[in-house]
Amino acid sequence: MPNKVKKRHLLDYSILIPYLILCIIGLIMVYSSTSYLLLANGSNPASSVINQSIFWVLSLIVIALLYKMKIGVLKNQRLIMAAIAVLTILLLIVLFFGEERNGAKGWLEIAGFSIQPAEYLKIIAIWYLSFTLSQRQMSVQKNFIATVKRPLLLVLALTVLVASLPDFGNATVIFLIIIVLLLASGVNYFYTLIVGVGGIIFSVITIWLINVTQGKLFPGRLQYIYHRFEIFQNPFSDELNNGHQMVNGYYAMFNGGLFGRGLGNSIQKKGFLQEAQTDFIYAIVVEELGVIMGILILALLMFMIARIILVGIRSKDPFNSLLCIGIGSMFLIQVFVNLGGITGIIPLTGITFPFLSQGGSSLLMLSICVGFVLNISADEKRKSLGIY
């Protein structure tokens, strides 16, 4: 009876359907936030959404392939190390020959498409650490530092490479993902306490040093980091310069009110809020669709994240568990960092809002994550039904 169940019958729609809805909303908002300026510049108003759509179609194909793949393939150490090697080469190419945007070298131009290798380090770091830690469950509990030292140094080295582009936003997200996976690996709760207290102390000291030295800790090329710390608490103190983005993000959300100005009727996207389609897309969503719709979209994303983490918690396989917890945590961290930046809770980082922001590399990376989770969810369901 159960042996005749096909894999498509095990598909987790509580993850797939929110993904599809969020991506469709994202395509609509990418068109809405870019078409006005593209048309004003004499370009095809649909060029940005066409580019994003191509990446989404590619993402759907990748999800289908990952879902069909046997879960054992994901545990192939040679495949994981090959992915790390390819990504390392791409990051080095970007570091020396990459296209510079807003002071950072993070993109490669291939056949008219921009690829951001740093985005893919997020899923590869989760994949590699999940595999490594799941293979060393007993030793993690007995000798944590010795067990995690080698894999941790490898991932941290790649994270430093991303930071040297410089791309401190993605480097910060990856660093936080590493911490979550280490704490979820079965380590003693004492280490969790150390990380929590140490993180608070480190953050306080860092902010204090930045304020006292007035950014002299950073060389000229990195002065923008100091300016972001300087203005995030009161962007109106430098409204026409460093605080410009945050201030206009506030105006966008204020303009939207409860029900929004209507789809396509944003004021701030008309040149006031630069690159509105990337890290400030949520501000445009609130301006056009309203606070209520913004909350509903956020709730849908939170539901999807909760389902992913729940799959991880319920998984009996340590690899499946760590991979899902890592992916769910990454989504949650990106949401917090993005919304924290545009609302002034934390400094701006340039991190995109999952599934809504323009960015082919980001969308493809997030879709790969969804493909991994759908495969793991089906694998766990198969085991619960006694199908092997």
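Annotations
- Flag if Leu39 is open to solvent by 50 Å² or more (accessible area, probe 1.4 Å) and either more than 16 Å from Val370 (Cα to Cα) or in contact with a Ser or Thr (Cβ under 6 Å, 6 or more places away or on another chain) (or both): yes
- Qualifying residue in segment 104-117 (condition: within 29 Å of Ser377 (Cβ to Cβ) and assigned to a helix (DSSP H, G or I)): yes
- Among the residues making up segment 15-32, a single one is of a type in the set (Phe, Trp, Tyr) and either in contact (Cβ under 8 Å) with a residue 24 or more places away in the chain or part of a loop (DSSP other than H, G, I, E, B) (or both): Tyr19.
- Selected residue (only one of Leu108, Leu87 is touching a residue at least 24 places away in the same chain (Cβ under 8 Å) and either among the hydrophobic types (A, V, I, L, M, F, W, C) or farther than 26 Å from Leu356 by Cα (or both)): Leu87
Residues are listed down the side, and each one gets a yes or a no for (1) under 17 Å from Ser357 (Cα atoms); (2) β-branched (Val, Ile, Thr); (3) in contact (Cβ under 8 Å) with a residue 40 or more places away in the chain:
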site	(1), (2), (3)
Val5	no, yes, yes
Tyr13	no, no, no
Thr34	yes, yes, yes
Asn51	yes, no, yes
Phe55	yes, no, yes
Val62	no, yes, yes
Val73	no, yes, no
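- Selection status of Asn170, polar (S, T, N, Q), in contact with a Lys or Arg (Cβ under 8 Å, 6 or more places away or on another chain) and farther than 22 Å from Lys75 by Cα: yes
- Scan of segment 238-257 for residues that are open to solvent by 40 Å² or more (accessible area, probe 1.4 Å) and either of a type in the set (Asp, Glu) or over 25 Å from the mean Cα position of the chain (by Cα) (or both), ordered by number: Asp238, Glu239, Leu240, Asn241, Tyr251, Phe254, Asn255
- Taken over segment 258-281, the criterion of being of a type in the set (Phe, Trp, Tyr) and either within 21 Å of Ser48 (Cα to Cα) or open to solvent by less than 90 Å² (accessible area, probe 1.4 Å) (or both) is satisfied by Phe272, Phe280.
- Residue match in segment 181-194 (condition: within 17 Å of the chain's Cα centre (by Cα), under 21 Å from Met330 (Cα atoms) and in a helix (DSSP H, G or I)): yes
- Scanning segment 72-102 for residues that are open to solvent by less than 30 Å² (accessible area, probe 1.4 Å) and either farther than 30 Å from Thr278 by Cβ or part of a helix (DSSP H, G or I) (or both) yields Leu74, Ile80, Ala83, Ile84, Leu87, Leu91, Val94.
- Within segment 313-343, the set of residues being open to solvent by 20 Å² or more (accessible area, probe 1.4 Å) and assigned to a loop (DSSP other than H, G, I, E, B) comprises Lys316, Asp317.
The values are calculated or read from the model by the stated rules, or taken from the named source; none is laboratory data. These figures come from a predicted structure and were not determined experimentally. Note that we place each Cβ from the backbone using ideal geometry, even for glycine, and neighbour counts take in every protein chain shown. Only protein heavy atoms, including side chains, enter the accessible area calculation; ligands, DNA and RNA are left aside. Shrake-Rupley method; radii C 1.70, N 1.55, O 1.52, S 1.80 Å.
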